[in-house]
Amino acid sequence: MRLADISFNNLRRRKSKMVFVILGLAIGVATVVALFSITAAMRDDLQDKIDQFGANIVIVPQARELSLSYGNIAVSGVSYDVKELSQEDVPKIKTIAFSGNIATIAPKLLGAVQAKGAGESRALLVGVDFPAELRMKKWWEINGAAPSREGEILLGSRAAGVLMSRPGDSLTIDGRKFTVSGVLKETGSQEDSVLYVELSAAQALLGKPGKLSLIEVSALCKACPIEDIVGQLSGVLPNAKVSALQQAWKARRQTVDQLTNFSLAVSAVVLAIGAMIVLTTMMSSVKERTREIGIFRAIGFRRTHIARIILLEALVVSVVGGVLGWLAGMIASSLTAPYVAQAAVTVNWNPALAALAVGLSAMVGLGSSIYPAMQAANLDPAEALRFI
Amino acid sequence: MALIDIRGVSKTYNSNGCVVQALKGIDLSIDEGELVAMMGPSGSGKSTLLSILGAMNPPTTGTVLVDGIDLYGLSVEKRADFRHEYIGFVFQQLQLIPYLTAVENVLLPLAISKRPHREQEAMAFRALGRVGLVDKARRLPNQLSGGEQERVAVARAIVNEPPLILADEPTGNLDTQTGEEVMRLFQSLNEDGLTIVLATHNPENTRYVGRTIRIRDGRIAS
Ligand SMILES: Nc1ncnc2c1ncn2[C@@H]1O[C@H](COP(=O)(O)OP(=O)(O)OP(=O)(O)O)[C@@H](O)[C@H]1O
Ligand SMILES: [Mg+2]
């Protein structure tokens, strides 16, 4: 017989009580695991979206007076005192310390042109590097194909409407002929009104060889602070204005952060309840076993032996509770995450979370059994047996 | 030198403002190999003296030496070790653990020893054999008669081979015949060299012992 046998014997004998404690801990751990994995999934999802939704850094020329914009406003004129970006600036971006985080660099040249197909209009021409552009704008759906040969052009849906052109039609831009290779499905943004051509073609058309209006950069930033990347880019491009496009995500990130805080608070409460359950059950268990513990002490068990018996029971129960809680939490979060997050998020079956769950449960279980164990260990054998 | 040496021991209980002087200056020495009975009416202090002797109950005054060890000069944990090593208790109310079988009850004191399982079992069965209960080793206490339970308690007391057995009213709950059997068991254990001190209020039991100490009102009467 070992001390552990005494513990296991007790657990077996007091099954219903122990099941109660295990459930208490498991519910606590399940709540923590579910909340944790849902918020983690939401954070991942948010980050994926930030990455997916293209540029999160925009580099434009440093200008005193500039009304050239791509964000929401049309290009009106060209300011000639602007020190324009050039194609030589692109490789510099790759030299920053955080270059590993840079996923895509999409240089662009913008200009107003006269476009003539079946219809005619002034339009915004954007010269892009198509492979980079397509990688960045994953939401693009093209009716037809992206330009792959010289003399091909991609039209935004509204532009195609105004110019009354379809894939395969011909267009004249500032007197030069282009073939429409594809039309973008409506995106609901200003991209719908734009004409996209290969960068070099735009440079030739607009008479600005080697020049760029802006560079969009998408940086993968799971952990890195985007501000640091912006700072480093400003360092290598002193004549450019580098800014991060984070506004759009701030609100959602705030929501996720709030949910995270809320989860922490709920977890703390639920775990505290679990701890109370363990504490009261262990206390009553110790009380019921007063005589038995008195016998143990009388036949020479040390106080530490008694404490070990009680704590081993607590450990077994809380590890079982932790494992069950983790399982329940993962299943619950896998099922509910899409509704809670209101997005198609996927929950990660992360082994570290399992370890964390079991560790947490063991901590709560053991922590709240310390006092009962001490009570048991400090029982006076003569008093406990009352055989005097 | 005597195995047990009790000097000037008194014990005052003070529970809820009710002060009881259970022992009033006890001097007593018991030699190794003695079989001693403490006789006295209920409330005279027999159990109190046994628990003090058994390193479980610090006296209010006085010293208790067992094998030259000052019991109440030891730390609490060391006193537990002392109990483990020196003393086998047979308690007044048996105090078998109801959900453990006879042999498991006997194994209990060995749970804190580092002995391997086989050796523990061998020791437990030797002890059960000594009290003649090997065939009922796997029974739970409530499947045993009062006398058999008493013998399991004795087996648990001797399993660790302590030099000193303390028994409180070992025949208290038994009929005359079973009580006599138990007393003969103590006699034969004593013949094997164990020192035994038992408390009883039954004068019949004095027939089996080497020395009778009469206690009255917390004092040794004779
Ligand atoms: N823990 C205690 N607290 C208060 N008083 C106690 C305690 N234990 C014993 N007493 C008192 O001390 C006195 C001696 O009790 P003790 O149990 O030693 O007597 P006893 O001789 O063993 O009696 P019995 O034959 O009934 O077992 C009694 O008056 C009892 O009420
Ligand atoms: Mg008594």
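Please go through segment A:1-29 and give me each residue that is more than 14 Å from chain B (Cβ to nearest Cβ), of a type in the set (Val, Ile, Thr) and in contact (Cβ under 8 Å) with a residue 12 or more places away in the chain, ordered by number.
A:Val21, A:Ile22, A:Ile27, A:Val29
Is there a residue in segment A:300-311 that is in contact with a strand residue (DSSP E or B) (Cβ under 7 Å, 6 or more places away or on another chain), within 14 Å of another protein chain (Cβ to nearest Cβ) and not in a helix (DSSP H, G or I)? Outline the logic, then answer.
Step one: of segment A:300-311, the residues in contact with a strand residue (DSSP E or B) (Cβ under 7 Å, 6 or more places away or on another chain) are none.
No: segment A:300-311 contains no residue that is in contact with a strand residue (DSSP E or B) (Cβ under 7 Å, 6 or more places away or on another chain), within 14 Å of another protein chain (Cβ to nearest Cβ) and not in a helix (DSSP H, G or I).
Name the single residue, out of those in segment A:133-164 being among the small types (Gly, Ala, Ser) and part of a loop (DSSP other than H, G, I, E, B), that is surrounded by the most Cβ atoms within 10 Å (Cβ to Cβ).
As a first pass, look at segment A:133-164 and keep what is among the small types (Gly, Ala, Ser): A:144-146, A:148, A:151, A:156-157, A:159-161.
With part of a loop (DSSP other than H, G, I, E, B) added as a condition, the list becomes A:145-146, A:148, A:151, A:156.
On the way: A:Ala145: 11, A:Ala146: 18, A:Ser148: 11, A:Gly151: 14, A:Gly156: 24.
That would be A:Gly156.
Residues are listed down the side, and each one gets a yes or a no for (1) outside any helix (DSSP H, G or I); (2) within 14 Å of chain B (Cβ to nearest Cβ); (3) crowded, with 19+ Cβ neighbours inside 10 Å:
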site	(1), (2), (3)
A:Ser267	no, no, yes
A:Ala272	no, no, no
A:Ala275	no, no, yes
A:Thr281	no, no, yes
A:Ile293	no, yes, yes
A:Arg297	no, yes, yes
A:Ser318	no, no, yes
A:Ile331	no, no, no
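So in segment B:91-102, with the set limited to residues that are more than 16 Å from ligand 1 (Cβ to nearest atom) and surrounded by fewer than 23 Cβ atoms within 10 Å (Cβ to Cβ), which one is nearest to A:Ala384 (Cα to Cα)?
Only one residue fits best here, namely B:Ile97.
With the checklist (1) open to solvent by less than 30 Å² (accessible area, probe 1.4 Å); (2) within 16 Å of ligand 1 (Cβ to nearest atom) in hand, flag the one item B:Pro203 doesn't pass.
It is condition (1) that B:Pro203 fails.
Is it the case, given these coordinates, that B:Ala127 is more than 14 Å from the chain's Cα centre (by Cα), away from ligand 1 (no atom under 16 Å from the Cβ) and open to solvent by less than 10 Å² (accessible area, probe 1.4 Å)?
Details: more than 14 Å from the chain's Cα centre (by Cα): yes; away from ligand 1 (no atom under 16 Å from the Cβ): yes; open to solvent by less than 10 Å² (accessible area, probe 1.4 Å): yes.
Yes, satisfied.
Residues are listed down the side, and each one gets a yes or a no for (1) at pLDDT below 85; (2) more than 26 Å from A:Arg149 (Cα to Cα); (3) not in a strand (DSSP E or B):
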position: A:Arg166; (1), (2), (3): no, no, yes
position: A:Thr172; (1), (2), (3): no, no, no
position: A:Val183; (1), (2), (3): no, no, no
position: A:Pro209; (1), (2), (3): no, no, yes
position: A:Leu233; (1), (2), (3): no, yes, yes
position: A:Val256; (1), (2), (3): yes, yes, yes
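Test of understanding: among B:Val19, B:Val66, B:Val9, which residue is within 16 Å of ligand 1 (Cβ to nearest atom) and under 30 Å from B:Glu191 (Cα atoms)?
Values: B:Val19 fails: under 30 Å from B:Glu191 (Cα atoms); B:Val66 fails: within 16 Å of ligand 1 (Cβ to nearest atom).
Being within 16 Å of ligand 1 (Cβ to nearest atom) and under 30 Å from B:Glu191 (Cα atoms) holds for just one of B:Val19, B:Val66, B:Val9, which is B:Val9.
Go through (1) outside any helix (DSSP H, G or I); (2) crowded, with 19+ Cβ neighbours inside 10 Å; (3) more than 13 Å from ligand 2 (Cβ to nearest atom) and name the single condition B:Arg79 misses.
(1)
Could you tell me whether B:Gly88 is within 16 Å of ligand 1 (Cβ to nearest atom) and surrounded by 19 or more Cβ atoms within 10 Å (Cβ to Cβ)?
no
Considering only segment B:33-57, state which residues are away from ligand 1 (no atom under 12 Å from the Cβ), under 28 Å from A:Thr304 (Cβ atoms) and either at pLDDT 95 or above or among the aliphatic types (A, V, I, L, M) (or both).
If the condition is that a residue be away from ligand 1 (no atom under 12 Å from the Cβ), under 28 Å from A:Thr304 (Cβ atoms) and either at pLDDT 95 or above or among the aliphatic types (A, V, I, L, M) (or both), then B:Ala55 is the only one that fits.
The values are calculated or read from the model by the stated rules, or taken from the named source; none is laboratory data. Not measured: the values here are computed from a predicted model. All Cβ positions, even for glycine, are placed from backbone atoms using ideal geometry, and neighbour counts span all protein chains on display. Ligands, DNA and RNA are stripped out before the accessible areas are found, and what is left, the full protein with its side chains, is counted by its heavy atoms. Shrake-Rupley method; radii C 1.70, N 1.55, O 1.52, S 1.80 Å.
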